[in-house]
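Peer 1: Provided herewith is a single structure, encoded as structure tokens, for subsequent inquiry.
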Amino acid sequence: MSRKSPAYYVIIYILLMLTQISIFGNMAILGYATPFLFLYFILKLPSALSPNWVMTLSFITGLILDIFFNTLGVYSLACTLTAFLRRPFITLVMQREEEATGIVPSINSLGAAPFTVYALLTIFTFSAALFIIQAFSLFNPGKLILQILSSTLVTYILVYAVERISVK
């Protein structure tokens, strides 16, 4: 278990947000899959961090994205919901809450399979919330499900790649 300094999180946050805004912001692979690489920041926050701080940081992240993408609170709501459910997801994959405190979720600390479950649940929650709120109806459920699943898959592949690169 390695403790990261706050400067590490600030640098990672800035890099992920710049990448999301400049490269992935208006990208839709094959018209459906949108990568949400900034979720890596929310995934990697230490589990010992207060849930209030996690939700506040996630809300601010969503607010910044809402400002840049002119989406009127859609990202803020989806990020805050994701942050709210993050702790139960960590507890679910760790199976014992006392083990889930004081770790930084990663492939090394959780293991490959639990990290995959944790990341997929978190990314799916965000994608589902975002696309359902944006659609504001279930008029075309096939397209909605395709957007949610493809965005979850593409985002997970990117998160996994960044995780494998950053693992030392």
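Peer 1: Angle check, please: helix 74-94 long axis (alpha carbons) against the longest principal axis of the chain (alpha carbons), in degrees 0 to 90, nearest 10.
Peer 2: With both axes taken from Cα atoms, the answer is about 40 degrees.
Peer 1: Could you tell me how many degrees, from 0 to 90 and to the nearest 10, lie between the Cα long axis of helix 51-69 and the main elongation axis, the longest principal axis, of the Cα atoms of the chain?
Peer 2: Here the helix axis deviates by roughly 30 degrees.
Peer 1: Mind checking the angle between helix 6-19 and the chain's longest principal axis? C-alpha axes, 0 to 90 degrees, to the nearest 10.
Peer 2: Value to nearest ten degrees: 20.
Peer 1: Find the relative contact order for the stretch 1-137 and round it to a whole percent, using C-alpha pairs within less than 8 Å whose residues are 6+ positions apart. Can you show the working numbers first?
Peer 2: Working: 133 pairs, mean separation 32.0, N = 137.
Relative contact order comes out at 23 percent.
Peer 1: Which Cα, out of Phe131, Ala83, Thr61, lies furthest along the positive dipole direction of the stretch 61-168 (beta carbon charges, K/R +1, D/E -1)?
Peer 2: Result: Phe131.
Peer 1: About its Cα centre, what dipole magnitude does the chain give when the only charges are +1 on Lys and Arg Cβ and -1 on Asp and Glu Cβ, stated in debye to the nearest 20?
Peer 2: Numbers: 9 positive and 5 negative charges, 45 e Å.
Using Cβ point charges on Lys, Arg, Asp and Glu, the chain gives about 220 debye.
Peer 1: Please give the length that would be gained between Ile157 and Gln95 if that part of the chain were fully extended, namely 0.36 nm times their separation in residues minus their C-alpha to C-alpha distance (nm, one decimal). Walk me through the intermediate numbers first.
Peer 2: Values: separation 62, 0.36 × 62 = 22.32 nm, distance 2.47 nm.
Gain on stretching Ile157 to Gln95: 19.8 nm.
Peer 1: Of Ser150, Met94, Ile165, which is farthest along the charge dipole of the chain in the positive direction, counting Lys and Arg as +1 and Asp and Glu as -1 at C-beta?
Peer 2: Ile165
Peer 1: If a/c stays under 1.5 just call it rounded; otherwise compare a/b with b/c (prolate if a/b is bigger, oblate if not). Do that for the stretch 17-74, with a ≥ b ≥ c from the square roots of the Cα gyration tensor eigenvalues.
Peer 2: prolate
Peer 1: With the full set of protein chains in place, find how many percent of the accessible area of the chain is carbon and sulfur; take the probe as 1.4 Å. Spell out each step's value before the answer.
Peer 2: Working: 6400 of 8980 Å².
Carbon and sulfur: 71 percent of the exposed surface of the chain.
Peer 1: Which whole-number value in Å² is the accessible area per residue of the stretch 1-54, probe 1.4 Å?
Peer 2: Roughly 56 Å² per residue, with all protein chains present.
The values are calculated or read from the model by the stated rules, or taken from the named source; none is laboratory data. The structure presented is a predicted model; accordingly, all values stated were derived computationally and were not measured. Cβ coordinates were reconstructed from backbone atoms using ideal geometry, including for glycine residues, and neighbour counts include every protein chain displayed. Quick note on the areas: whole protein, heavy atoms, side chains included, nothing else; ligands and nucleic acids left out. Shrake-Rupley method; radii C 1.70, N 1.55, O 1.52, S 1.80 Å.
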